1. Would you kindly identify the helices (runs of 4 or more DSSP H) lying entirely within the range B:18-133 that contain at least 1 residues that are hydroxyl-bearing (Ser, Thr, Tyr) and either more than 14 Å from chain A (Cβ to nearest Cβ) or within 30 Å of residue A:163 (Cα to Cα) (or both)?
2. When you scan the range A:215-230, how many residues do you find that are open to solvent by less than 50 Å² (accessible area, probe 1.4 Å) and in contact with a helix residue (DSSP H, G or I) (Cβ under 9 Å, 6 or more places away or on another chain)?
3. Across the range A:79-93, which residue is farthest from residue A:161 (Cα to Cα) among those that are in a strand (DSSP E or B) and more than 7 Å from chain B (Cβ to nearest Cβ)?
4. Taking residue B:40 as meeting all but one of (1) open to solvent by 40 Å² or more (accessible area, probe 1.4 Å); (2) modelled with pLDDT under 85; (3) out of contact with any helix residue (DSSP H, G or I) (no Cβ under 9 Å at 6 or more places or on another chain), write down the number of the exception.
5. Would you check if there is a residue in the range A:164-180 being assigned to a strand (DSSP E or B) and either touching a strand residue (DSSP E or B) at 6+ places or on another chain (Cβ under 8 Å) or modelled with pLDDT under 85 (or both)?
6. Run down A:103, A:119 and say which single residue is part of a helix (DSSP H, G or I), open to solvent by 10 Å² or more (accessible area, probe 1.4 Å) and farther than 25 Å from residue B:39 by Cβ.
7. Restricting attention to the range B:192-212, and to residues there that are surrounded by 18 or more Cβ atoms within 10 Å (Cβ to Cβ) and touching a Gly at 6+ places or on another chain (Cβ under 7 Å), which single residue is modelled with the lowest pLDDT?
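The values are calculated or read from the model by the stated rules, or taken from the named source; none is laboratory data. Being a predicted model, the structure only gives us computed values, none of them experimental. We place every Cβ from the backbone using ideal geometry, glycine too, and count neighbours over all the protein chains shown. In case anyone asks, the SASA skips ligands and DNA or RNA and just uses the protein heavy atoms, side chains included. Shrake-Rupley method; radii C 1.70, N 1.55, O 1.52, S 1.80 Å.
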Amino acid sequence: MTRAAVQPIEAEALVRCFDEIRAVDGIDIVVDKGEIFGFLGPNGAGKSTAVRVLTTLLKPTSGTARVAGYDVESQADKVREVIGVALQDAAIDPLMTGKELLRLQATLHGIPRRLAARRAKDLLERVGLTEAAPRLVGQYSGGMRRRLDLALALMNEPDVLFLDEPTTGLDPMSRRNLWEEVRRLNREYGTTVFLTTQYLEEADQLANRIAIIDHGKIVREGDPAALKKSVGSPTLRVDVADEQQAIAEQTLQAFGEERPSRVGRVSIGLEGGAERMADVVRALDEAGIVIEHMELDSPSLDDVFADATGRRLEGAADAEEPAE
Amino acid sequence: MSVDDSLETSAEHVHTATPPLLVQTAALSTRAIRGFFRQPQLWIPGIVFPLLLAAVNSSSLSRASLIPGFPPDTSYLQFLVVSVIVQGVMFGAIASGNELTTDIQNGFFERLLSAPVSRPAILFGRIAGGWVFAAFQALLFVGILWPFGGTVRGGIPGVAVLVVMAVFLATAIGGLAAGLGARTGEPEAVQGFFPLVFIFLFMSSAFFPTALMSGWYGTIAENNPLTWMIDGARYQVIVGFDLTEAAKALGISGVLALLGLWFATTQVRRRWRVAA
């Protein structure tokens, strides 16, 4: 099999136990070349454990995993040569400067000095740390550390980049900047990215494909749009005067199944989605109903998560992880 | 990014081979040395305290050199030269070895494990960082004490013995500290072990000749390997360079170094055992 033909990540029936706890419980993953694969789940779902197995930091209890065609157990050294890893909490030596860390990373990867200097310069520019590079990392903000962490992970121009909760604890601005950088390196360099996150928006914004993990098992997998579509039709909410509620309900029945709502509002699952909005408005108008407010909510990844697990993910991450 | 840049990047996208152990160890020890010297709170005590103790002892115990049984024609400060080096190295090596614990705590250890770094290089890089400081300490102490009467009669070969002994001792103590750090992951645990090392030192000929000790204390001191090492090194200072005595100093410190390395290796291996 040629290097070009191998899947960046393949895992089959992967299990990792800690004593009695099955942190990763028989997951199958296939990530395609050039894909941003989002691994979404709440704290303790098994995301980081899976990443640690794929990055050779933990041995699997059973099952197999290959990264860039190399087995994570028997060819761990090869795996380490072709991956870039940015783990949770940006593990960076605060007593070194950004420049020194990049140089060290290059040396450890056996990158020739001149090429390393060129790559370091380029990476520092890309992550906007050229000016800060000569300063000790201990003086960097959380966002700057994350960006340096990303640059370090890219120093060896990896085939697969692992980002383990890269924006946890960052302020919204830093979070968006990091997203943009990840998108850019995927777009311009075709880097395959394996991203774990507990943020719905992050997965939605970045990932081409998402696997939702809960209690060590993958409970849903697919591209975000398809996953959301799988939950069902979007919810249409129409606010009307109390005396018109009955007729509004009767009119809207033709467009989808009624969903629970408060007094003065009619909610339905709009079959056919946004394309039928014009028909809805026309029908309500013909029935003489005065629309006070109308909104159409597409299913979110949180709905997908709730559908799969019976719990909500929305807000859980923010409640547990204070922003920087 | 221009097309040219893109092509250049693409042409340069080669997976390089993992560099040899020596190159990685050198890179990691350079990092260790830099980090160590950037924390004055770690290295200043290893220089100031032994010198301070030497100043206090040599003035308060200067007449001890007149006691029968004390090495003849030797000032107390001269007697203390080796003790100052050993004390300083102990201070420095514990702090330096403990930096591995910091790496474990802040996640840098895992960053190294996920890179194509040979596992021994992670440990040796950390311990080798302590070698440079130990050699620096030995030379600094000799340089400071010499004008005040702490002459090394063994000359350059004698000083070389002291420097190599310091490096071996730094390996032993640094290895012990790194091993404890790897086992516990707690810097406090390593600091807690610090007084034990000094008790071991006090129960040796570091501050007084064993000929002048009596009872159980004297027996312990006479059989303390540190005494054999210190006496061998001290011979280079107060008498002159002697190959047999040098071999004794370097042999004992060398064995201690190997023990320290063995302990550190087993403990670090235990920590990364879970990793492939």
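1. Numbers: elements: B:21-37, B:40-60, B:76-106, B:108-113.
Because the criterion is at least 1 residues that are hydroxyl-bearing (Ser, Thr, Tyr) and either more than 14 Å from chain A (Cβ to nearest Cβ) or within 30 Å of residue A:163 (Cα to Cα) (or both), the helices (runs of 4 or more DSSP H) in the range B:18-133 that meet it are B:21-37, B:40-60, B:76-106.
2. 6
3. Looking only at the range A:79-93, we keep the residues that are in a strand (DSSP E or B), and these are A:83-86.
This time we only want the ones that are more than 7 Å from chain B (Cβ to nearest Cβ), so: A:83-84, A:86.
Values: A:83: 6, A:84: 5, A:86: 8 Å.
Here the residue is A:86.
4. Unmet condition: (2).
5. To start, the set of residues in the range A:164-180 that are assigned to a strand (DSSP E or B) comprises A:164.
Next, only the ones that are either touching a strand residue (DSSP E or B) at 6+ places or on another chain (Cβ under 8 Å) or modelled with pLDDT under 85 (or both) stay: A:164.
Scanning the range A:164-180, I find at least one residue that is assigned to a strand (DSSP E or B) and either touching a strand residue (DSSP E or B) at 6+ places or on another chain (Cβ under 8 Å) or modelled with pLDDT under 85 (or both), so the answer is yes.
6. Working: A:103 fails: farther than 25 Å from residue B:39 by Cβ.
Just one listed residue meets the conditions, A:119.
7. B:210
Yes or no, residue by residue, for (1) assigned to a loop (DSSP other than H, G, I, E, B); (2) open to solvent by less than 20 Å² (accessible area, probe 1.4 Å):
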| position | (1), (2) |
| --- | --- |
| A:10 | no, no |
| A:15 | no, yes |
| A:24 | no, yes |
| A:29 | no, yes |
| A:34 | yes, no |
| A:39 | no, yes |
